[in-house]
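Q: I'd like to ask you about the structure that follows.
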Amino acid sequence: MPHNPEDDWTRPIPRSRRGEPIDDWEMPAKRRTPPADQWDEGGWVEPRGRREAPRDLPTDRQVQGERAAYRSNEQRRPAGQRAGGQGPGGAGPRPPSRPRPPGPPPRRPRYKLRRFLVVFGILVLAYVVAMIWAIGASWGAIGRVDATPDTPSPGDASGKNILMIGTDSRDDLTDEERAELKTGAVEGARADTIMLLHLPDGGGEPMLVSLPRDSYVEIPGFGFSKINAAYADGGAPLMVATVEQATGLPIDGYLEVGFDGFVDVVAAVGGVEMCLDEPIVEERSDLDLPAGCQELEGKDALNYVRMRYADPRGDLGRVERQREFLSSLVNKMTGPGTLFVPWNLHDAGTATGSSLTIGDDTSMLDMYGAMQGMRSISNGDGMSVTVPIADANYSTAAGSSVLWDEAGAAELFNALRTDSPLTIEP
């Protein structure tokens, strides 16, 4: 029997949308059954030579024209043959739309976040390396001295105690600098400033205690004399031993600066602002300061902290100015503009470090604690006192001296030793 595809009821039937007519005469032109010569046993076969070449993308005006023509043709067709859904024809093909032009896929947000994290990590690493460089250079510029005494230690105590000494050494000054700074030509070195910084355990309030340079105490191996003579007789080790014996407190760190170093430190931070209630004039040191707030540096800063002849309170007024000036100096040295900017920290740190001398057993952690303690005191979060005095003009074989109040001094140092609240009047 001959095979006639036209009459084969088993041939595939084109699918239609739900609601569309199946008969060819009821279907839109684009969905009608193809001619019989275009069918094969495998289904639809597109005639050769009829494949259309790809066309260029239509313009907006062409798209609008095609849509208008499509709507006009649909309105002229019978209701049953419309593709708009009014008759049994159901929903027809949508009007032509402008194809989306090809382009690169949109960039994913995670690549931007990954790039940001990489750049941020590089910047943080560079900052850390720069800070390590600045801190290392500053620490390496500091001088070292053996400050360990030969005498036995008073024993363990609460907190840490840092002994800070300002000497009147003129050995590193030229004749011109001595004349400019009005330091005189005395040979040797004595302790011109003596302060004890106590840092309590647990982050409590630090305390800065001034020990007047003319304090009359016992110097191990030399008998009673003024406390500043200990530095002249035995240097840093004897100075530490004398303070430990007089206070009963173990010394955990030692820091020293001379005349020339003090001037360099003040210059490194650009001067220190001091506010004076009244003018100060001292002919012996050529000090002439007006009342009000002003920046002190050079010889004015040095003579301001050393002045005592124009002060009616003498050495007691002097130690108060020294504590006030030192607190302001450390506060400026540890400001954000210096402490957290690597190049500023390097410049100020190396200039300051080359002017300082610390004990061999004084660690970087001790120095950091001392700076933070002084900064807290300058911000009003600590106490600054002078050892209780019984007689500021006590006549001794060593000359006019300062005699401590034994009961008050013992109470003060016992409070520091046990980290107890201070009960005496500052």
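The values are calculated or read from the model by the stated rules, or taken from the named source; none is laboratory data. Predicted model only: the values in this text are computed from it and were never measured. As a convention, Cβ positions derive from the backbone with ideal geometry for all residues, glycine included, and neighbour counts pool all protein chains shown. When the accessible area is computed, the model is the full protein with side chains, heavy atoms only, and any ligands, DNA or RNA have been set aside. Shrake-Rupley method; radii C 1.70, N 1.55, O 1.52, S 1.80 Å.
Q: Within region 400-420, can you find the residues that are among the β-branched types (Val, Ile, Thr) and either in contact with a Lys or Arg (Cβ under 9 Å, 6 or more places away or on another chain) or modelled with pLDDT under 90 (or both)? Walk me through it before giving the result.
A: Step one: filter region 400-420 for residues among the β-branched types (Val, Ile, Thr), giving 402, 418.
Across region 400-420, the qualifying residue is only Val402.
Q: Check whether at least one residue in region 404-413 is under 24 Å from Asp168 (Cβ atoms) and surrounded by 15 or more Cβ atoms within 10 Å (Cβ to Cβ), and report yes or no.
A: The first filter runs over region 404-413 and keeps only residues under 24 Å from Asp168 (Cβ atoms), leaving 404.
Next, only the ones that are surrounded by 15 or more Cβ atoms within 10 Å (Cβ to Cβ) stay: 404.
The answer is yes, given that some residue of region 404-413 is under 24 Å from Asp168 (Cβ atoms) and surrounded by 15 or more Cβ atoms within 10 Å (Cβ to Cβ).
Q: So which residues in region 297-336 are open to solvent by 30 Å² or more (accessible area, probe 1.4 Å), assigned to a helix (DSSP H, G or I) and under 17 Å from Gly271 (Cα atoms), if there are any at all?
A: Listed by number, the residues that qualify are Lys299, Asp300, Arg306, Glu324, Leu326, Ser328, Asn331, Lys332, Met333, Pro336.
Q: Run Ala79 past the list (1) at pLDDT below 60; (2) surrounded by fewer than 10 Cβ atoms within 10 Å (Cβ to Cβ) and report the number of the one that doesn't hold.
A: Status for Ala79: all satisfied but (2).
Q: Does Leu276 meet the test of being open to solvent by less than 40 Å² (accessible area, probe 1.4 Å), of a type outside the set (Phe, Trp, Tyr), within 35 Å of the chain's Cα centre (by Cα) and modelled with pLDDT of 85 or more?
A: On the way: open to solvent by less than 40 Å² (accessible area, probe 1.4 Å): yes; of a type outside the set (Phe, Trp, Tyr): yes; within 35 Å of the chain's Cα centre (by Cα): yes; modelled with pLDDT of 85 or more: yes.
So Leu276 fits the description; yes.
Q: I've got another one for you. Test each condition in (1) closer than 19 Å to Glu256 by Cβ; (2) out of contact with any helix residue (DSSP H, G or I) (no Cβ under 7 Å at 6 or more places or on another chain); (3) small (Gly, Ala, Ser) for Ala191 and report the one that comes out false.
A: The number of the failed condition is (2).
To keep it simple, each residue is scored yes or no on (1) surrounded by fewer than 22 Cβ atoms within 10 Å (Cβ to Cβ); (2) touching a strand residue (DSSP E or B) at 6+ places or on another chain (Cβ under 8 Å); (3) under 30 Å from Pro336 (Cβ atoms).
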{"position": "Leu238", "(1), (2), (3)": "no, yes, no"}
{"position": "Thr242", "(1), (2), (3)": "no, yes, no"}
{"position": "Thr247", "(1), (2), (3)": "no, yes, no"}
{"position": "Ile251", "(1), (2), (3)": "no, yes, no"}
{"position": "Phe262", "(1), (2), (3)": "no, yes, yes"}
{"position": "Ser285", "(1), (2), (3)": "yes, no, no"}
{"position": "Gly292", "(1), (2), (3)": "yes, yes, yes"}
{"position": "Glu295", "(1), (2), (3)": "yes, yes, yes"}
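Q: Considering only region 381-401, I want to know if a residue exists there that is closer than 17 Å to Gly204 by Cβ, polar (S, T, N, Q) and part of a loop (DSSP other than H, G, I, E, B). Reasoning before the result, please.
A: Taking region 381-401 and keeping what is closer than 17 Å to Gly204 by Cβ, we get 381-385.
Filter once more, keeping what is polar (S, T, N, Q): 384.
Going one step further and asking which of them are part of a loop (DSSP other than H, G, I, E, B), we end up with none.
Scanning region 381-401, I find no residue that is closer than 17 Å to Gly204 by Cβ, polar (S, T, N, Q) and part of a loop (DSSP other than H, G, I, E, B), so the answer is no.
Q: Quick one: Arg114 ticks every box in (1) of a type outside the set (Val, Ile, Thr); (2) at pLDDT 90 or above; (3) not in a loop (DSSP other than H, G, I, E, B) bar one, so which box is it?
A: Every condition holds for Arg114 apart from (2).
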